[in-house]
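S.K.: Dropping a structure here in structure tokens format, bear with me for questions.
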Amino acid sequence: MIYAGTEFLTGDRIAAALMRYSGALAEAGQAETIAVPAVGDDGSVVEVMVLIGPASQIVAQDADTDHPELVDEAVIGELDAKAGRLTPTAVVETEPAFGADWDGASSTDDI
């Protein structure tokens, strides 16, 4: 990933979750500083602090590396949950309300 002119190496799914959350923050007009795991110069896992929001300019690109794919299910889940809370969803009832006839009258109206 490239952020503010700096590159860091993280896993594909972490990068995708970061992009989704960044987009959700941008839509909501909000910003947040978050920590994501990355591969350090020596191959160890390090933490990168990233400020994301409406003005973020983040680029994710493929990288050739000898390091194993970095996966952190907790970080991915947290980023996706945060993005989900910012993304409005509609609930559509697929079944008629209990006791309602197709004309909208209650079945108890006939009693």
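S.K.: Is at least one residue of the stretch 53-61 outside any loop (DSSP other than H, G, I, E, B), closer than 17 Å to residue 75 by Cα and of a type in the set (A, V, I, L, M, F, W, C)?
M.R.: No, because not a single residue in the stretch 53-61 is outside any loop (DSSP other than H, G, I, E, B), closer than 17 Å to residue 75 by Cα and of a type in the set (A, V, I, L, M, F, W, C).
S.K.: Moving on to the next point. Listed residues 40, 53; which is without any contact (Cβ under 8 Å) to a residue 24 or more places away in the chain and out of contact with any Cys (no Cβ under 6 Å at 6 or more places or on another chain)?
M.R.: Being without any contact (Cβ under 8 Å) to a residue 24 or more places away in the chain and out of contact with any Cys (no Cβ under 6 Å at 6 or more places or on another chain) holds for just one of 40, 53, which is 40.
S.K.: Could you please find all residues in the stretch 24-52 being assigned to a helix (DSSP H, G or I) and surrounded by fewer than 17 Cβ atoms within 10 Å (Cβ to Cβ)?
M.R.: Those that are assigned to a helix (DSSP H, G or I) and surrounded by fewer than 17 Cβ atoms within 10 Å (Cβ to Cβ): 26, 27, 28.
Any read-out appearing in this document is the output of simple, stated calculations on the displayed coordinates, not a laboratory observation. Only a predicted model underlies this, so the values are computations on that prediction, with no experimental measurement involved. Every residue, glycine as well, gets a Cβ built from its backbone with ideal geometry; the counts of neighbours run over all protein chains shown.
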